[in-house]
Structure formats: C-alpha cells, structure tokens
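Let me begin by presenting the structure, written as structure tokens, before commenting on it.
The values are calculated or read from the model by the stated rules, or taken from the named source; none is laboratory data. Note that the structure is a prediction, hence the values are computed from the model and not measured. Here the Cβ positions follow ideal geometry from the backbone for every residue, glycine too, while neighbour counts run over all protein chains shown. SASA here: full protein model, heavy atoms, side chains in, ligands and nucleic acids out. Shrake-Rupley method; radii C 1.70, N 1.55, O 1.52, S 1.80 Å.
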Amino acid sequence: MAVEQPTQPTLGDLIYDKLFHNYVWKSIFRTGYPNTPRNQMLVVATNVFLHLHPTRIHRTHVKITHTYCLGGLTFFMFLGLTVTGILLMFYYVPSVDRAYLDIQNIQTNVQFGQLMRNMHRWMAHAMVILVFLHMLRVFYTGAYKPPREFNWVVGVVLLVLTFLLSFTGYLLPWDQLAFWAITVGTNIAGSAPVLGPKTRFWLLGGFEVGPDALIRFYTLHVIGLPLLAAIFMAVHFWRIRRDGGLARPL
Amino acid sequence: MATVVVARPAARPTPRARDEEVLVWPDLVFVEFISALLFTVLLFLLSYVMNAPLLDEANANVTNDPAKAPWYLLNLQELLLHMNAALAGIVVPTVWLIILAAFPYFDRSTEGQGRWFADVNSVKNTVLSLMVGFWGTLALIIWNSGKAALWLKDWFGFSGGDTLAFLERSAALKDPSVVPWPGWSDSIPYLWFNLKILDEGPGAGVTTFQHIDLPTLLVDIGIPTGFMVGLACLLIYALWKAGWVLTRRDALITLMSGFVGAFLMLTIIGTAFRGPGQDLIWPWDLRTLEGIPGQE
C-alpha cells in the first residue's frame with residue numbers, strides 16, 4: 001500500500017511563510033493571514049477599522065440590492081472629502097484678500113490641484129445625493145422600525161449635518177457663485193420669526209457676507225461640523241451593531 | 001410585598017441560524033472594497049472631464065441674476081416664491097425634519113422590515129403618492145406663477161378678469177379689488193403693548209408682532225399651509241377610503257413618497273426652470289457657464 005509522502009514546500013509556500021509568519025508581521029497583525037475561517041473572523045474582530053462589522057452577517061446582507069452600499073458609500077465620501085479637503089487646506093487661506101487667488105492658484109499652479117478641487121466638489125455633491133438615497137433605502141425597507149428607532153433619529157441629524165457641511169463649503173471659493181448662494185441661503189435662515197435675524201447675524205458675523213462670514217464658514221467647515229458629524233457617525237455605526245445589525249425580516 | 005416590574009424592550013434582535021450566515025471577511029469586505037473602488041474611479045473620471053465652477057471674484061455690488069442657493073436648497077428657494085419667507089425657509093423644513101425623525105415613534109410595528117416594499121400596498125402607494133407629489137407641485141407652481149392663466153388666454157382666449165384673478169395666482173387675493181377686505185383688516189392689533197423682543201421691525205415678516213395683516217396672513221401663510229397640510233391629509237384619507245392605506249406604515253409611505261415627489265419637482269424647477277427675476281423659463285433659455293444652469 002502506497003504511503004502518502006509530504007511534498008517539498010514550493011517557492012510560493014516559502015514566500016508566504018517569510019511574509020506572514022515573521023516577528024514584525026505578528027507585532028502588527030495579531031492574527032495570521034486571513035485564509036482560514038478562524039483567521040478571517042479574528043482579522044475582523046481584532047482590527048480597529050474592521051471591527052465596526054460583526055464577524056458574521058446574514059447572507060441576505062451581502063446582496064448588493066439589499067442596501068446598494070449607500071450608507072457605506074456616504075461614509076466613504078466623507079473620508080474622501082477629508083483627504084482632499086486636507087490637501088486643499090495646504091494652499092488655501094480663508095481671507096477675503098487671498099481666498100479667490102488661492103483657488104486660482106490651486107487650479108493653475110499646484111500639481112494635481114485642479115483635480116483635487118474637482119474631486120472635493122463632486123464628492124460633496126455625491127455625498128448629499130448618497131445620504132438622501134440612503135435615507136430612502138432605510139425608509140422603504142422599513143429599517144427604521146424597532147429596535148432601530150433612535151438610529152433613524154441619529155440619521156436625520158447626520159442628514160442635516162451633511163447639508164450644513166456642504167453649505168459652509170460653498171462660500172470658500174469666494175467667487176460670485178459662492179457669494180450669492182450664501183447670501184440667498186443665509187437670507188432663508190434670517191427669515192425665521194423672532195430668532196432669524198439674530199441667527200443670520202451669528203452665522204455671518206455681521207449683516208452681510210464678508211470677511212467674518214468667510215472665517216466662520218471655514219472654521220465650521222473644516223473643524224466644527226466634521227467633528228460633530230464624526231461623533232454622530234460613531235454613534236450611528238455603533239448603534240447598527242447594538243441594534244442587531246441590518247434590519248431583516250423577523 | 002413590593003413587586004419589581006422590569007420594562008421589556010419593544011423588540012430585541014432575534015437570534016440567527018448559523019447556517020444562514022456568511023463571514024464578513026471576505027464576503028462583505030469584498031463588496032465594500034469593490035464599491036469604494038468603483039466610486040473612486042468614477043469620481044476621478046468625472047473630475048478629469050468636468051471642472052468645478054469658478055466664476056469672477058465675489059463682488060457685493062454686482063448681483064447675480066438669478067441669485068441661486070446651492071442646488072439642494074433650491075427647493076426651499078422655490079417655496080420662498082410662493083409663501084411667507086419664514087414659513088418656507090424655516091417652519092416647513094423644521095417641521096418636516098421633526099416629522100421625519102418621529103416616523104419610528106408613530107409606526108411602531110416591527111413587521112415588514114428588512115425587505116424592499118414589504119407591505120401589500122406599498123408599491124402602488126409609493127408610485128401614486130410620488131406622482132401626486134410630483135405633478136401636483138408642478139400644477140401649483142404653474143398656477144401661482146400666473147402661467148396657467150397666460151396659457152388659457154393664449155390658447156383659448158379665456159381671461160378671468162379682476163373677479164377671477166385668483167385663478168391666476170394666489171397673491172391676487174390680497175388685492176382689495178378682488179376681495180373686498182375691510183379697511184381695518186390689514187392692521188388688527190392683538191398686543192396692547194410694544195413687546196420689543198418680538199418686533200424685528202419692517203421686513204421681518206408678514207406682521208410686526210403687534211398687528212396682524214389679515215389678507216397677507218391668509219395669502220402668504222394660510223393658503224400655502226392649507227395646501228401643504230390639506231393635500232397630504234387628503235391624499236392619505238383618499239387612499240384610506242380606497243383601501244390602499246391600511247396601517248400606519250402605509251400612511252407613512254404615502255406621506256414620504258408625496259414629499260419625495262414634491263421635493264424633486266421643487267428642486268428641478270428651482271435648478272433648471274428659474275431665470276432672471278426668478279421667472280419661469282425653459283432650461284435652454286438659461287445662460288450656462290461650466291455646467292451650472294442659471295449662473296454666469
């Protein structure tokens with residue numbers, strides 16, 4: 001009777017062993033390479049970014065038509081906007097004297113500057129559309145129902161924050177489009193009974209769109225609102241886990 | 001003996017059978033990675049072929065006509081043309097957001113979740129409400145812009161004259177020649193003292209807070225509120241009588257779909273059909289620059 005003999009390790013096995021079974025790799029990733037079910041679960045559970053997910057999910061939830069990835073894509077837009085936004089911040093000074101020139105400079109003199117600005121602009125529009133579509137998906141799949149009531153409310157807050165993030169960014173190029181759009185937008189806010197004019201004054205730092213408005217919108221756009229959005233997103237994602245993952249038929 | 005009553009949550013996550021589950025790595029992570037990659041490529045391509053707009057430097061002395069808010073606020077800007085500014089700009093969006101946030105507290109049933117249009121009537125309710133919201137909003141915009149009267153006159157030689165001027169636009173109702181308002185009706189005092197904190201002075205709204213201007217109040221607040229609340233209630237009531245709205249979920253689907261239809265129409269009109277002086281015009285008559293209709 002023939003006895004099965006161990007085969008010699010191939011070159012691929014040797015490379016794999018050197019890459020993933022060494023001291024440095026294991027100091028970064030506690031688990032081995034995710035090629036076994038055990039390691040695949042461990043890699044999700046022990047990775048700070050991936051542990052937003054559970055290790056297993058219901059099979060219907062990986063179907064693209066269940067969510068169309070709309071919530072995840074909205075978050076991805078937020079990340080992309082952060083990256084492109086930081087790159088734009090290297091070259092942009094929020095003063096009336098410099099803002100417009102800086103944008104022109106970004107478009108003409110900065111390597112890939114026009115591309116970065118375009119990406120930031122179109123991603124912002126995409127985020128507004130995606131967050132709205134995500135809300136519709138959650139509504140029409142009945143995913144707001146118990147026990148996910150509070151997470152729906154957090155989602156409504158995030159919808160408003162997305163609009164505000166986009167709105168505050170609109171002024172920063174300091175061109176005619178920005179100036180008059182914000183003038184119209186803040187006039188809408190100023191029309192509120194009793195508190196409207198005071199809100200408008202607080203937003204603009206004066207009676208009309210000017211240097212004070214620019215610095216306020218900039219600060220809100222790059223620090224205040226993203227920080228607030230990040231906090232609410234953390235709660236939103238955490239609650240998805242705590243409320244039992246994505247909604248599915250009971 | 002005291003009895004301790006522990007509140008039970010309305011619903012709990014249900015346990016799942018293991019054989020119905022898949023691993024997040026690689027099944028879900030792969031889907032997420034591909035969709036992120038796809039969108040990155042698409043956005044790079046879009047950014048390559050289409051530049052973000054940059055007009056002349058901001059100048060407070062040169063007014064853009066039409067001056068438009070960002071596109072996602074153009075629905076509110078469109079509303080502003082038809083009603084009191086505070087109602088359109090603040091009250092309507094605030095009330096709607098509160099209603100939106102309250103959805104799950106109104107519809108507390110756990111049935112029909114996790115599937116698209118799970119309820120029996122949801123598809124037909126959605127389609128019908130969407131259409132009513134969409135085309136109904138268009139009809140109201142056309143009526144209140146006076147275009148309907150213009151077309152009636154051009155095409156059929158029909159002219160309502162002064163007595164039927166309200167058929168042309170709601171603002172005509174403020175005119176004493178159309179409605180015989182008594183002289184005192186535009187300044188009805190209801191506060192006998194001057195509450196300064198409330199009085200924002202001229203231009204603050206339809207009234208100062210010491211007097212009510214009844215015709216303006218009726219036309220700029222009463223009629224639009226009546227249409228918005230009344231039509232929504234009427235739609236839900238009609239569908240309830242027709243047997244399409246049976247549950248709270250059905251009512252919410254009707255409300256939400258009607259809103260989406262109206263929201264889309266308002267945004268489309270505000271973006272593509274409003275020209276200089278906020279007049280209704282065809283999109284091809286708008287001057288365009290770098291893909292932004294209506295902006296120069």
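Which pairs in the list B:147/B:241; A:63/B:241; A:63/B:124 are over 30 Å apart, alpha-carbon to alpha-carbon?
B:147/B:241; A:63/B:241
If you add up the charges near residue A:152, with Lys and Arg at +1 and Asp and Glu at -1, over every other residue whose beta carbon is less than 11 angstrom from its beta carbon, what do you get?
Within the 11 Å Cβ shell, the charges total 0.
Mind checking the dipole of region A:133-220: about its Cα centre, +1 per Lys or Arg Cβ, -1 per Asp or Glu Cβ, Debye to the nearest 20?
In total the dipole reaches around 340 debye.
For the charge dipole of the protein assembly as shown, defined by +1 on Lys and Arg C-beta atoms and -1 on Asp and Glu C-beta atoms about the Cα centroid, which residue among B:31, A:83, A:25 has the Cα displaced farthest towards the positive pole?
About the Cα centre, the residue reaching furthest to the positive side is A:25.
Please state, rounded to one decimal and in Å, the Kirkwood hydrodynamic radius that region A:6-135 gives when every pair of distinct Cα atoms enters the mean of 1/r.
So the Kirkwood estimate lands at 19.0 Å.
Just to confirm the filter: which chymotrypsin sites (Phe, Trp or Tyr not before Pro) across region A:131-234 are DSSP coil and have at most 15 other Cβ within 10 angstrom of their Cβ?
Listed in order of number, the matching sites are A:207.
Just to confirm a number: summing +1 for Lys and Arg and -1 for Asp and Glu over residues other than residue B:143 whose beta-carbon lies under 15 angstrom from that of residue B:143, what do you get?
Summing Lys/Arg as +1 and Asp/Glu as -1 gives +1.
Can you compute log10 of I(q)/I(0) for region A:167-242 with the Debye formula, treating each Cα as one identical point scatterer, at q = 0.16, 0.28 Å⁻¹?
Taking Cα atoms of region A:167-242 as identical point scatterers yields -0.64, -1.22.
Compute the Kirkwood hydrodynamic radius of chain A, taking the inverse of the mean of 1/r over all pairs of distinct Cα atoms, and give it in Å to one decimal.
21.8 Å is the Kirkwood radius here.
Treating the beta-carbon of each Lys and Arg as +1 and of each Asp and Glu as -1, no other charges, what is the dipole magnitude of the protein assembly as shown about its Cα centre, to the nearest 20 debye?
Roughly 2100 debye, rounded to the nearest 20.
Pop the C-beta distance of residue A:63 and residue B:187 into the FRET formula with R0 = 45 Å and round what comes out to the nearest 0.05.
Using R0 = 45 Å, I get an efficiency of 0.10.
With viscosity set to 1.306 mPa s and temperature to 10 °C, compute the Stokes-Einstein D of region B:79-150, Rh being the Kirkwood radius across alpha carbon pairs; µm²/s, no decimals.
Answer from the Stokes-Einstein relation: 104 µm²/s.
Using just the C-alpha positions of region A:147-196 as equal point scatterers, what log10 of I(q)/I(0) does the Debye formula give at each q in 0.16, 0.32 1/Å?
Scattering profile of region A:147-196, log10 relative to I(0): -0.61, -1.06.
Which of the lysines could a cross-linker bridge to residue A:18, judged by Cα under 23 Å and excluding same-chain residues fewer than eight apart?
A:26
Between A and B, buried accessible area summed over both sides at probe 1.4 Å, in Å² to the nearest 100?
8300 Å²
Within the set of other residues whose C-beta is less than 11 Å from the C-beta of residue A:99, count the net charge using Lys and Arg as +1 and Asp and Glu as -1.
Around residue A:99, the surrounding residues sum to -3.
Taking R0 as 25 Å, what's the FRET efficiency between residue A:10 and residue A:38 from their Cβ-Cβ distance, rounded to 0.05?
0.60
Find which of A:104, A:64, A:245 sits farthest along the positive direction of the dipole of chain A, computed with +1 on the beta-carbon of Lys and Arg, -1 on that of Asp and Glu, about the Cα centre.
Positive-most Cα among the choices belongs to A:245.
Across 10 Å bins from the origin, how do the percents of Cα pairs in the protein assembly as shown run, short distances first?
Taking every Cα pair in the protein assembly as shown, the percentages come to 3, 14, 22, 24, 19, 11, 5, 2, 1, 0, 0, 0.
Got a sec? Charge dipole of the protein assembly as shown, +1 on Cβ for Lys and Arg, -1 for Asp and Glu; which of A:41, B:60, A:219 is way out at the positive end?
Towards the positive end, the residue furthest out is A:41.
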